[in-house]
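The values are calculated or read from the model by the stated rules, or taken from the named source; none is laboratory data. Values in this document were obtained by computation on a predicted structure and should not be read as measured data. Quick reminder, even Gly has a Cβ in these numbers, built from the backbone with ideal geometry, and neighbours come from all protein chains shown.
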Amino acid sequence: MNREIYEELGIDGKVYDFCSGIAEGLKERFDEIDRRAEYNQLKVLKAFHDEQVGEACLMGTTGYGYGDIGRDTLERVYSRVFKTEDALVRPQITCGTHALAVSLSGNLRPGDELLSPVGKPYDTLEEVIGIRKAPGSLAEFGISYRQADLKDDGSFDYDAIKAAVNEKTRMVTIQRSKGYQTRPTLSVDRIGELISFIRGIKADVIIQVDNCYGEFVDIKEPSEVGADLVVGSLIKNPGGGLCPTGGYIAGKKEYVENAARRLTSPGLAKEVGASLGIMRDFYQGFFMAPIITAAALKTAIFAAAVYEKLGFEVYPPSAEKRYDIIQAVTLKTEENLNAFCKGVQAAAPVDSYVTPEAWDMPGYDAKVIMAAGAFVSGSSIELSADGPLKEPYNVYFQGGLSWPHGKYGIMRTVQEIMGRSL
Ligand SMILES: *Cc1c(COP(=O)(O)O)cnc(C)c1O
């Protein structure tokens, strides 16, 4: 039955049989993912019940947005799920980078120092912090930055961290996901160990976790192991594919308020900010997020298993435990990288008929090819892939709003790369 519809969608029998066999072998892994998704789904549902989310919450406000019941209730729902005192969940937060920038600049003051104990943070934060010189960076406001790199084996360099903490250290930022680096992604438990260690050296620092791509992968979040703030993007996991924009900052009341004072203004903080007409998407997206994240996880593991079998190096390997939704495959040649992205694009629900082409992206030293045919522009909880056109031709991909779609997308990449030679 399925073989035929796959064939109608451009997957020939050999690719179908090869990939289906691999999917069959992943049943146990998928059961475990489903169990976590079930737990997380109920955790989110309980927060909806406890906060009495009602139909009025789905409406929007305009203008100042004073007393916006939908917005305020949603922030309490987030607080319950992340087990924090408070949260800021807003369409006025434009993306993950913005959420992180607001959290940092709201909580740091001139003379303070920021520490990253897990190496270089995500690319876009370099200009926020001023690692790369940029107008408006924290550095311009007299906020210094230090970093302790991870050891070669991916473990924490406790000596270097201890040496980096000093009387100026006010805030610590920990990136949960590897992002597009090759270091391992941190499990929530490892983040907890790191936080305990740092608190042992200096108890009163503010510890923030960049939670991008990590939400709902585990059954607990970094805010449950001592993080003061968790920060992320709504066009990734917690938006469930439905949020058209936005970001969140959840954590200790004082620190969330500080972030809100920066996002809006001192004195106004969380009191203003119209939710316009998108509260329904924010609620529904958060409600869907656990199973959407599970679909993305299955897709990533399936892709790892398929490309391993085809003889490519993959990171992380298919059998490894997952702590985020990103999968990297070393494709070895430019043709393969182009073909992979072509496959992802061809599998997309939107813009399936366009062919992605590499371009000179600002801030990169090589051309970058990207594939995404998404309902929400730039959304990376939807099936998407990109890679720089340089050795060893790594592709990074993530997302998949449903497991059948993710599965088809990966099959389509195999068809593009190997269809003829299998
Ligand atoms: C995506 C991401 C960001 C930045 O988010 P944008 O929405 O792209 O600005 C920051 N950190 C990590 C780890 C990310 O994955």
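Contact annotation: residue pairs with Cβ atoms under 7 Å, 6 or more positions apart or on different chains, pairing a residue in the range 93-107 that is more than 15 Å from GLY251 (Cα to Cα) with a partner that is β-branched (Val, Ile, Thr) and within 12 Å of the ligand (Cβ to nearest atom), are ILE93/VAL102; THR94/THR245; THR97/THR124; THR97/VAL128; ALA101/VAL128.
If you go through the range 208-260 and keep only what is basic (Lys, Arg) and surrounded by 24 or more Cβ atoms within 10 Å (Cβ to Cβ), you end up with just LYS236. The residues in the range 259-287 that are over 17 Å from GLN52 (Cα atoms) and of a type in the set (Phe, Trp, Tyr) can be counted, and the count is 0.
In the set GLY399, GLY387, which member is within 16 Å of the ligand (Cβ to nearest atom), farther than 19 Å from ALA295 by Cα, surrounded by 24 or more Cβ atoms within 10 Å (Cβ to Cβ) and within 21 Å of the chain's Cα centre (by Cα)?
Just a single option satisfies the conditions, and that option is GLY387.
Per the listing ALA87, ALA99, the residue uniquely under 20 Å from the mean Cα position of the chain (by Cα), within 16 Å of the ligand (Cβ to nearest atom) and buried (at least 20 other Cβ atoms within 10 Å of the Cβ) is ALA99. Where helices (runs of 4 or more DSSP H) sit wholly within the range 105-224, those with at least 3 residues that are more than 14 Å from the ligand (Cβ to nearest atom) and within 23 Å of the chain's Cα centre (by Cα) occupy 188-201. Screening ILE278 against (1) within 16 Å of the ligand (Cβ to nearest atom); (2) farther than 19 Å from SER103 by Cβ; (3) not assigned by TED's automatic domain parsing to the domain that holds GLY378 leaves a single unmet condition, (1).
Considering the range 12-29, and only residues there that are farther than 13 Å from GLU308 by Cβ and in contact (Cβ under 8 Å) with a residue 40 or more places away in the chain, the residue that is nearest to the chain's Cα centre (by Cα) turns out to be ARG29. Note on the range 344-372: residues that are within 12 Å of ALA385 (Cβ to Cβ) and either within 16 Å of the ligand (Cβ to nearest atom) or out of contact with any strand residue (DSSP E or B) (no Cβ under 8 Å at 6 or more places or on another chain) (or both) amount to 5.
Scan the range 322-339 and give yes if some residue there is touching a residue at least 12 places away in the same chain (Cβ under 8 Å), surrounded by fewer than 16 Cβ atoms within 10 Å (Cβ to Cβ) and within 22 Å of the chain's Cα centre (by Cα), otherwise no. Among the residues of the range 322-339, not one is touching a residue at least 12 places away in the same chain (Cβ under 8 Å), surrounded by fewer than 16 Cβ atoms within 10 Å (Cβ to Cβ) and within 22 Å of the chain's Cα centre (by Cα), which makes the answer no. Can you spot a residue in the range 6-28 that is aliphatic (A, V, I, L, M), assigned by TED's automatic domain parsing to the domain that holds GLN345 and in contact with a Cys (Cβ under 9 Å, 6 or more places away or on another chain)? Yes: the range 6-28 contains one or more residues that are aliphatic (A, V, I, L, M), assigned by TED's automatic domain parsing to the domain that holds GLN345 and in contact with a Cys (Cβ under 9 Å, 6 or more places away or on another chain).
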